[in-house]
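Participant: The following block contains the structure, expressed as structure tokens.
The values are calculated or read from the model by the stated rules, or taken from the named source; none is laboratory data. Just so it is clear, the structure is predicted and the values come from calculations on it, not from any experiment. Cβ coordinates were reconstructed from backbone atoms using ideal geometry, including for glycine residues, and neighbour counts include every protein chain displayed. Accessible surface areas use protein heavy atoms only, side chains included; no ligands, DNA or RNA. Shrake-Rupley method; radii C 1.70, N 1.55, O 1.52, S 1.80 Å.
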Amino acid sequence: MELSDANLQTLTEYLKKTLDPDPAIRRPAEKFLESVEGSQNYPLLLLTLLEKSQENVIKVCASVTFKNYIKRNWRIVEDEPNKICESDRIAIKANIVPLMLSSPEQIQKQLSDAISIIGREDFPQKWPDLLTEMVNRFQSGDFHVINGVLRTAHSLFKRYRHEFKSNELWTEIKLVLDAFALPLTNLFKATIELCSTHANDASALKVLFSSLILIAKLFYSLNFQDLPEFFEDNMETWMTNFHSLLTLDNKLLQTDDEEEAGLLELLKSQICDNAALYAQKYDEEFQPYLPRFVTAIWNLLVTTGQEVKYDLLVSNAIQFLASVCERPHYKHLFEDQNTLTSICEKVIVPNMEFRAADEEAFEDNSEEYIRRDLEGSDIDTRRRAACDLVRGLCKFFEGPVTGIFSGYVNSMLQEYAKNPSVNWKHKDAAIYLVTSLASKAQTQKHGITQANELVNLTEFFVNHIQPDLKSATVNEFPVLKADGIKYIMIFRNQVPKEQLLVSIPLLINHLQAESIVVHTYAAHALERLFTMRGTNNATLITAAEMAPFVEVLLTNLFKALTLPGSSENEYIMKAIMRSFSLLQESIIPYIPSVITQLTQKLLAVSKNPSKPHFNHYMFESICLSVRITCKANPEAVGSFEEALFLVFTEILQNDVQEFIPYVFQVMSLLLEMHKNEIPSSYMALFPHLLQPVLWERTGNIPPLVRLLQAYLERGASTIASAAADKI
């Protein structure tokens, strides 16, 4: 592709079409861009468009397309062709930094990410002048440019936080420190001074504090692997200024927004992270500074409000205390009973409360609530941090902490008992406190693996959890129902099996709850219980024990998929898959109804596949239906083909890329069930399976190979005679 106005115009038109909501317009445009991205000058055309286009929407679209192009193609894979020609690579590296620094912030972020992707592969060996080019821009005095450099440096260096140690990594970090540490420190000091100079200028402070946040993030990345000599020598400069910023309160930086964290909160959050890093990893060197940080962060915690915008700050501040209290030689700071009581009363209990914002998320943003609560992405929540602090304190003070909290739990439950409909949040906090106290070690797969022996989990379950779940109304107190179901999930290894068996019909009943969180938790709890292993690695709960509940279980699971907000609920579909796996031939009487509902769901989601996990479990459930039924009755394969082939044909004709590998997989399974000749319906499809376009997508190759193998095993002679006829 030449760098011509005609090509720029063509590219503009196709980029516009990729934004069209109509798939009939959008998909051909995406395919066109896919077909030309291997051409020489294609990335340079995108950069030119990004620089020269008069339409902001095209600039943004070009920047995102360019970043994704770099993400897909920049890495050179051994024994595979180079996807970007060398002249394009050289031109990109020569132009991208100045272009990024002169672009608006929205585009700057995309190009900054692209630079970090290129840097991951090429820096420092193949891009030795990148760092010099960036550091030189610090002298510009233009904070739009400086922040662009800092943002790029952050996206480039943040991988140091999770890379494994190696000589290559150490060499790179040393090179970065030699070139970057002193200019960064000088910039830090200069920015602090400018903050004092412009203390009454709100717009200047916003720019300067954006810089300070990025500088604090870079400090974290550069100090993560080990304590660099430069930062050890300059610890006084950094820690004194960090401490001053922690205690700073400028009214001009305060925001009226109760949801969105302001610059001051974000900076203080990052400083708490930096202090926690030093307290954990470099405690000996950090010791002289620790007491003043503990005092400052404690004051922050007891003076910061309950608004959502402070969540990250409070969470990081509590995490700092959690990291300090776990260290043996800081133990003396927490030994006093009054200190422990004060921490419990002023920090832990208030931050375990279920706030109005949590209730709103529970009701109106259930997907995000579930992601945070179930999937462990609640790392930045107040509750999670408070839970970690409880765990940290229990390391050395398990007895006193359990005693203090037992009092709180009892008083909360008493408050609830006085007026459940008004005081239900007290019980929610009590359950969360018990969970925090009892959980010493936990994994996603097994739940709690090590529990606090001072907490009687079964007694609490029988007295306070079961009554809520046995209530006649599944829609009453949905938060407490969710808490109770989660308790079963978490402590499934500690609660006796007989109590788990009592819980199963209760969980099945809660699949009918209107609350998305409640019926999702019920499905997830059942799925987790069905995977538990007993003696001889057999499932703890057997198909025989589930026999009385098979019909109601399957009915309620499929009904749950029709509830508002759960039509593509991956937890429900996973529970369906796990139920099939556990129940085996017990599901055969229900297969006609089940396969009808699965094919209807498949047809519906194939129009716009958006939930990859849901889709995976749906196809797994279809495969299990086929295997279980045809194992007992091989002749049943015909009825499955009858039910599925119409939907499969539509998926193949509409080229639904996400589903095609699954379709080939299920077809392989069905074909393998035929003992003799290949049916004619399969033979009609055979020539299409050899089209090169199908084999160009790597995801298609394994299922296609398996499908062809099934063809050859069942009908090699038919295929050979068909080929001979054509000759």
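Participant: For the range 238-307, what mean projected area does the convex hull of the alpha carbons give, in nm²? Intermediate values should be presented prior to the final figure.
Facilitator: Values: hull surface 19.7 nm².
The Cα convex hull of the range 238-307, projected and averaged over all directions, gives 4.9 nm².
Participant: Could you pull the Cα extents of the range 26-91 along its three principal axes, largest to smallest, in whole Å?
Facilitator: 41, 29, 17
Participant: Another question about this same structure. Normalised radius of gyration for the range 548-598, please: alpha carbon Rg relative to 2.2 N^0.38 Å, two decimal places.
Facilitator: Details: Rg = 10.6 Å, N = 51, 2.2 N^0.38 = 9.8 Å.
With N residues counted in the range 548-598, Rg over 2.2 N^0.38 Å equals 1.08.
Participant: Still on this structure, please answer the following. Please report, in debye to the nearest 20, how large the charge dipole of the chain is about its Cα centre when each Lys and Arg carries +1 at its beta carbon and each Asp and Glu carries -1 there. Please list the in-between numbers first.
Facilitator: Details: 68 positive and 91 negative charges, 197 e Å.
So the magnitude is around 940 debye.
Participant: OK, next. Please work out the FRET efficiency for the pair His332 and Asp142, using the Cβ-Cβ distance as r and a Förster radius of 56 Å; give the result to the nearest 0.05. Please list the in-between numbers first.
Facilitator: Working: r = 49 Å, r/R0 = 0.88.
So the FRET efficiency works out to roughly 0.70.
Participant: Return the distance in nm (one decimal) between the two label points of a simple spin-label model at Leu646 and Thr596, each offset 7 Å from Cα along Cα→Cβ.
Facilitator: 1.2 nm
Participant: So how compact is the range 197-258: Cα radius of gyration and Dmax in angstrom?
Facilitator: Computed over the Cα atoms of the range 197-258, radius of gyration and Dmax are 14.1, 42 Å.
Participant: Another question, if that's okay. What area, in nm² and to one decimal, does the C-alpha convex hull of the range 44-195 cast on average over all directions? Mind dumping the intermediate values first?
Facilitator: Details: hull surface 40.8 nm².
Result: a mean projected hull area of 10.2 nm².
Participant: I've got another one for you. Could you please put Arg384, Arg355 in sequence from largest to smallest accessible area, using a 1.4 Å probe? Kindly include the intermediate steps, with their values, before the conclusion.
Facilitator: On the way: Arg384 65, Arg355 35 Å².
Sorted descending by solvent-accessible area, the residues read Arg384, Arg355.
Participant: Mind jotting down the three principal axis lengths of the range 1-58 based on Cα atoms? Whole angstrom, largest first.
Facilitator: Projected onto its principal axes, the Cα set of the range 1-58 covers 29, 26, 15 Å.
Participant: Moving to a separate point now. Convex hull volume of the Cα atoms in the range 629-715, per residue, in Å³? Provide the component values of the computation, followed by the final result.
Facilitator: Working: hull volume 8.0 nm³, N = 87.
It comes to 92 Å³ per residue, whole-number rounded.
Participant: Please report how far the C-alpha centroid of the range 470-519 lies from that of the range 77-112, rounded to the nearest whole angstrom.
Facilitator: One Cα centre to the other: 52 Å.
Participant: Turning to a different aspect of this structure: I need the phi-derived Karplus couplings for the range 590-597: 6.51 cos²θ - 1.76 cosθ + 1.60, θ = phi - 60°, integer Hz, Gly and Pro marked x.
Facilitator: 9, 4, x, 5, 4, 5, 4, 5
Participant: Once fully extended, how much extra length lies between Glu13 and Asp283, figured as 0.36 nm per residue of separation less the alpha-carbon to alpha-carbon distance?
Facilitator: Values: separation 270, 0.36 × 270 = 97.20 nm, distance 5.81 nm.
Length gained, Glu13 through Asp283: 91.4 nm.
Participant: Now a separate question. Please calculate how many Å² of accessible area the chain carries per residue, with a 1.4 Å probe and no DNA, RNA or ligand atoms counted.
Facilitator: Numbers: 33360 Å² over 727 residues.
That works out to 46 Å² per residue.
Participant: How big is the range 1-122 by the Kirkwood estimate over distinct Cα pairs, in Å?
Facilitator: Working: mean 1/r = 0.0679 Å⁻¹.
Hydrodynamic radius (Kirkwood, Cα pairs) of the range 1-122 is 14.7 Å.
Participant: Assign unit charges at the C-beta atoms only (+1 for Lys and Arg, -1 for Asp and Glu), then state the dipole size of the range 141-225 relative to its Cα centre in Debye, rounded to the nearest 20.
Facilitator: On the way: 9 positive and 7 negative charges, 57 e Å.
That gives the range 141-225 a dipole magnitude of about 280 debye.
Participant: Compute the convex hull volume of the Cα atoms of the range 461-532, divide it by the residue count, and report the result per residue in Å³ as a whole number. Don't jump to the answer; show the numbers that get you there.
Facilitator: On the way: hull volume 5.2 nm³, N = 72.
It comes to 72 Å³ per residue, whole-number rounded.
Participant: Grab the alpha carbons of the range 434-590, take their convex hull, and tell me the volume per residue in Å³.
Facilitator: Numbers: hull volume 17.6 nm³, N = 157.
Roughly 112 Å³ of hull volume per residue.
Participant: Taking every Cα atom in the range 259-348, find the radius of gyration and the maximum pairwise distance Dmax, and write them in Å.
Facilitator: My reading of the Cα-based Rg and Dmax gives 13.1, 38 Å.
Participant: Got a number for the accessible area of Lys486? Probe 1.4 Å, square angstrom, nearest 10.
Facilitator: Approximately 40 Å² for this residue.
Participant: On to the next question. Can you give me the solvent accessible area of Leu19 with a 1.4 Å probe, rounded to the nearest 10 Å²?
Facilitator: 90 Å²
Participant: Ranked by accessible surface with a 1.4 Å probe, highest first, in what order do Ser323, Ser406 come? Kindly include the intermediate steps, with their values, before the conclusion.
Facilitator: Values: Ser323 5, Ser406 50 Å².
Largest accessible area first, the list is Ser406, Ser323.
Participant: If each DSSP helix of 4+ residues adds -39,500 (n - 2.57) and the sum is divided by the residues in the chain, what number results at 222 nm, nearest 500 deg cm²/dmol?
Facilitator: Working: 36 runs with 505 residues, N = 727.
-22500 deg cm²/dmol, from helical runs alone.
Participant: Quick one: Karplus J couplings for the range 226-232, per residue in order, coefficients 6.51, -1.76, 1.60, θ = phi - 60°, nearest Hz, x for Gly and Pro?
Facilitator: Along the range 226-232, the couplings run 7, 7, x, 4, 4, 6, 5 Hz.
Participant: For the chain, divide the Cα radius of gyration by the Kirkwood radius and give the resulting Rg/Rh value with two decimals.
Facilitator: On the way: Rg = 30.2 Å, Rh = 30.0 Å.
My calculation puts Rg/Rh at 1.01.
Participant: Okay, moving on. Using the Cα centre of the chain as origin and beta-carbon charges of +1 (Lys, Arg) and -1 (Asp, Glu), tell me which of Leu557, Ala279, Ser87 is placed farthest towards the positive end of the dipole.
Facilitator: Final value for the positive-end residue is Leu557.
Participant: Here's something else I'd like to know. Just to check, using Stokes-Einstein with a Kirkwood Rh over alpha carbon pairs, what's the diffusion coefficient of the range 371-441 at 37 °C and 0.692 mPa s in µm²/s? Working shown, then result.
Facilitator: Working: Rh = 13.0 Å.
Rounded, D is 253 µm²/s.
Participant: Hey, could you grab the Kirkwood Rh for the range 338-532? Inverse mean 1/r over distinct alpha carbon pairs, Å, one decimal. Walk me through the intermediate numbers first.
Facilitator: Details: mean 1/r = 0.0591 Å⁻¹.
After inverting the pairwise mean of 1/r, the radius is 16.9 Å.
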